[in-house]
1. Report, in debye and to the nearest 20, how large the dipole of the protein assembly as shown comes out about its Cα centre when Lys and Arg carry +1 and Asp and Glu carry -1 on their Cβ.
2. Once segment B:89-199 is represented by equal point scatterers at the alpha-carbon sites, with solvent omitted, what log10 I(q)/I(0) does the Debye formula produce at q = 0.17, 0.21, 0.22, 0.24 Å⁻¹?
3. Tabulate in residue order the Karplus-calculated ³J(HN,Hα) for segment A:162-170, using 6.51 cos²θ - 1.76 cosθ + 1.60 with θ = phi - 60°, rounded to whole Hz; enter x for Gly and Pro.
4. Once you have the Cα-Cα distance between residue A:82 and residue A:501, take 0.36 nm times their residue separation minus that, and quote the gain in nm to one decimal.
5. Which residues among segment A:206-224 fall inside the zone where the amide N is under 12 Å from a point 7 Å beyond the Cα of residue B:311, along Cα→Cβ?
6. Just tell me how shielded A:144-150 is by partners: mean number of partner chain Cβ atoms within 10 Å of each residue's Cβ, no decimals.
7. Once you keep just the Cα pairs under 8 angstrom separated by 6 or more residues, what percentage relative contact order results for segment B:110-214?
8. How do the peptides B:203-215, B:427-439 rank, highest first, by the average count of neighbouring beta carbon atoms within 10 Å per residue?
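Each value in this text was obtained by applying a stated rule to the coordinates, not by laboratory testing. It should be emphasised that the depicted structure is a prediction, and the values quoted were computed from it without experimental measurement. Here the Cβ is made from the backbone with ideal geometry for all residues, glycine too, and neighbour counts use every protein chain on show.
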Amino acid sequence: MNTPPVRYPGRRTIARRPRTTTILQLSAVLLLTACASSSQTRVADDPAPAQQVQPAPRAAAAPAADTGFPSSPPPAAPVQPAEFPPFQEATLSNGVRLVVVENETLPIISLNLALPAGGVYAPEGKEGLPSMLAALLTKGAGERSAEQIAEDIESVGGSITAGAGSDFLTVGVGGLSSAAPLAFELMGDVIARATLPESEVELQRQQMLSGLRLQQGQPDALAQRAFLTTLYGDHMYARLSTPESVEGITRAELVSFRDRYLKPEGALLVVAGDLTLAEAQRLAENAFRGWTGAPPATPDVGTLPDRDNPVVVLVHRPGSVQSTILIGNTTFQPNDPRHYASVVANEILGGGSQGRLFQILREQKGWTYGAYSSLSRRSGVGYFAAQAEVRTEVTDSAATEMLQQLVRLRTEPVQADELSLTKSTLVGRFPLTIQTASQVAGAVRDARLYNLPGDYLQTYRTRLAAVTAPQLMNAAEHFTRGEGAVMVVVGDASKVYPSLSQGAPGPITIINAEGDTLQPSDIAESAAAAGAPSLLDASRLRASRDSFNVVVQGTPFGAMVRDLRQEGNEWVLTDSSSIAGARQVTVVRLGSDLSLRSVTQRGSMQGRDMKVNVTVTNGTASGTAATPLSQFEERQVNATVPAAAIDDNSLPTLIAALPLAPGATFQIPIFSASTGGITPHTVTVEATEEVTVPAGTFNAYRVSVAGGQAPTTIWVSAQAPYRTLKLAPVGAPLEIVLVK
Amino acid sequence: MPRLFLLLALSATVAGAQSPAPMALDSYQLPNGLNVVLAEDHSAQVVAVDIWYDVGSRNERPGRTGFAHLFEHMMFMGSGNVKTGDHMALIDAAGGSLNASTAEDRTNYYETLPSNRLNLALWLEADRMRSLNVTDENLDIQRNAVQEERRLRVDNPPYLKLVFEYQYAVADTTACFPYAHSVIGSMEDLGAASLDDVQQFFNTYYAPNNATLVITGDFNPDEARSLVQQYFGGIPRGPAPPPLAACNQPYNTGQVRRTVTDVNATLPAVQHVYRAPATTSEDFPALELLASVLGDGQSSRLNRAIVREARAASASQVLLNALGPRRGPGTFTILTVSNGQANADSLDKLVATQIARVVSEGITPAELEKAQNMKRAQLIYERQTAFSRAEAIQRNIMFSGSPQAINNEIDAYLAVTLADIQRVAGKYLVPDNSFVFLATTESAQ
């Protein structure tokens, strides 16, 4: 819904994961998903070959024939002179500029028409109108209905698409070159003779609304939205579609916008593939017959915010296990000479797996799967953004580190070898970005749309290669500046806010996925209410009766029996313990999914009777408790119990139902039936080790449970049947060990 | 109706004549068993190197699911002459791109580079085939990276767990273990993988006689041959890999329905998974065209019926073997995501109605021709970049038996008849042969 996919020349994309995963892009995602992705690699900081010691040669002794194998990378062969592929330009009689990249090697063609009619031209309050119009162009035009357009182009193996970014509305048609007449005919029809049927308007509205709703579940999309709206403030680039604006768009407004803005003057048609300039001109003139005129002058796009300091937006996403961090600022006009130095600086910072962000956040710190930065061009002022998805616990550390790297980029001159390596990387990469005729056409299109110098593409590599370290610092100083900078964090605010609020570079605004402002006091409550789903997996448990000894410094001090059985669709856990004269029987009833249903406890301690009766219905616990904590007085218990909560009595048993694995960490709300309190605990698998208890020797996970008053270590068997083998409160001479 | 006639004329032209020029291929085998294919093309100053090892998740044993993919990560941890991480650093510095991926039937490793750096890609691939750097530390690093990848790419995004994990339930772990578990594997099995497993896997599957090297793009064939000989010639042949575990997956064992909660989803969805035959089966081209008729493009049946007419879904996508072709049984998957107006149950009924219609009525001649033209266009689009040409060659070697098969790959699709389509629909797309996953959002529970 934002910018059109304008490829930045020289920017690699293959190792990145896709920014969003809407179902429509699923196929592309799938291809990437099974990958280790090159970003899996880890680079040693130490240049010494520390990892050289244990190669696993295929044979004990290298065979004689292998002596020709060089022990260091072969040098580059001479570079062939590289020219930007040829293309031709013309202007049609109605003013449309035409670019043709002829390539007869494959029988395919692609057409792409771009007009200055993107999001910034939408009337106030009608954000999303150009996108809706674009989608509707292919849903009925000329003599064809939506079905006929799709049917006709797809029948010849082609496709037609249309969309709108911030600056431009674009229509693309592609297919086998024998379908060229049809492709041009459709292009002419959709741009000049779209019918915009009312029923299609409503259908498109529904599609856009569900698309917006899908985005609310996607951290990347949430981050991007919060970033752009804050960064651009009152500028038109901040105006993104919302459910309200999409609801309000009428067909009359769509027609009026179409009649005003979809005009040939200022439009650019790019044709690539197996077609000559003369043929393209003839087909285009015919297709665009009767389409004339010019759009109104570019509207006032508004002004950029005038802020002295950075601001921070925290988007609350309850239950999120990761945080998405986006830090950036506006850049400059597309033809600014600082562009080349910015490209080099961005590459050094976050262009790929060799970038500083990736190297530090991922390779050194292990906080993230990937960390990158990018420059986005616009017709007006573009923007720079550094982005990483990190584990929730390290959100503040990662944000601090990212900021630190921005400072370093603008204050520390880049070393000569790093600079020359980066430049040769960018120069070497260029041929990979113009492999196909449509890639070449895309590069030409961008250069023309952004009014770049006429020789931009031909001189691009030379200009990159000429960038100096001072130019680089100067460019970085601009795009990493603090004034007006924006940091967005999308994550579970209840976990992130406390630490983030201490070191944040500016004031923090908390919002939810819908964009409503929240107060810090709202976060904890909403987290408990919305909560995360239960992590417990009942299939890991089986009915059993386990006996434990309570041992203090090697001396038996008491005994416990845990009985877990299934009754109908319930699990029933009965825990009978007798420790140093105190007796206690606890019965916990759980649903088939191990959700808490009731806790009853009877016991005696210090000569007084203890009694707890609490039931949980629809996430609400109610009942009474008389325990040592209440001086054995009966108290009412009323509490909201999150779905993921585990009762403190059953934790030592249910911990075996967590999907334990080496290195796994879980955040679990622990419910106390005695007080009705909910306390977040962190359960971490610290190690896999052998543990010996009276019942035998087992391969076990050593699991730490922290967050409560008494941190405890629990050993759980690492193989099925999963059960608790041993408990030891940290710092106490007490152990509870499995006997049988 | 002149427009219609024009269209028919166009279609006839398309189906009759539009094929790319045959690809000239030079294929040979080194004495150590490495298969090599060279496909020269000077349309761009770019060269691609693509190696397929004949190993994937189907070669994994119980208790070690996810291992083939974990091993793929180990291939980036350094080798005899390449430090940990240098593989990527060297390719990056040359301006190239690289990646690797693991599917059920194969694992691929590839680089695209400016043409003057062909030697670098070949040297790097040869060095890790000769001498992988296997250490405990590397294994731990990559084990964590894979577990993180699982969280990021499978467990966290909406709907992907349906595709990457649940759909493997259609194969039975006893009858057909090779295709009954996911490529990403279980967290627990990943945790259990040992250094010994890594070394054994390397010795067994990463030998030249279990690999095929394809080079495409802008290179001099004499130089390429000589580099291949110099770098790969000395790598000793390995033992023949062990036979695959049995796969006797029966069809039509009764419909299984499951309701799952997708905590990451904001809209309900339904996934229908039908057991499909091997890619090499003679039924496969017809099934693939049927998948296209149902799910490819705006004019596809599911898009028209469910997204546009019923206004119930935001999208409905058909995936025939989501991760790529298989020499064993596959999956025909339809994933339909609500637009907010329909719940999973009603989406299920809408999809089932469309499938039942294809089974009882078949498809139209125009739909068949459209699917054939789309397939043809897809095969032509694949010829555009050096890397996608290399992948197409590899696919033909593994699934059609020879690289030259690429030059008449379209024929099997053009031979499909309307009767074939209806026959395969009735054979595979029946309720008894399906798993239905009803994915509800958390708030709906």
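1. Details: 93 positive and 115 negative charges, 203 e Å.
Here the protein assembly as shown has a charge dipole of around 980 debye.
2. -1.05, -1.24, -1.27, -1.33
3. Per-residue couplings from phi come out as 8, x, 9, x, 5, 9, 10, 9, 10 Hz.
4. Details: separation 419, 0.36 × 419 = 150.84 nm, distance 5.19 nm.
Residue separation times 0.36 nm, minus the Cα-Cα distance, leaves 145.7 nm.
5. A:206-207
6. Values: counts 1, 0, 4, 5, 4, 2, 7.
Counting other chains' Cβ atoms within 10 Å and averaging over A:144-150 gives 3.
7. Details: 42 pairs, mean separation 29.2, N = 105.
With pairs under 8 Å counted, the relative contact order is 28 percent.
8. Numbers: B:203-215: 22.2, B:427-439: 19.9.
Top of the packing list down: B:203-215, B:427-439.
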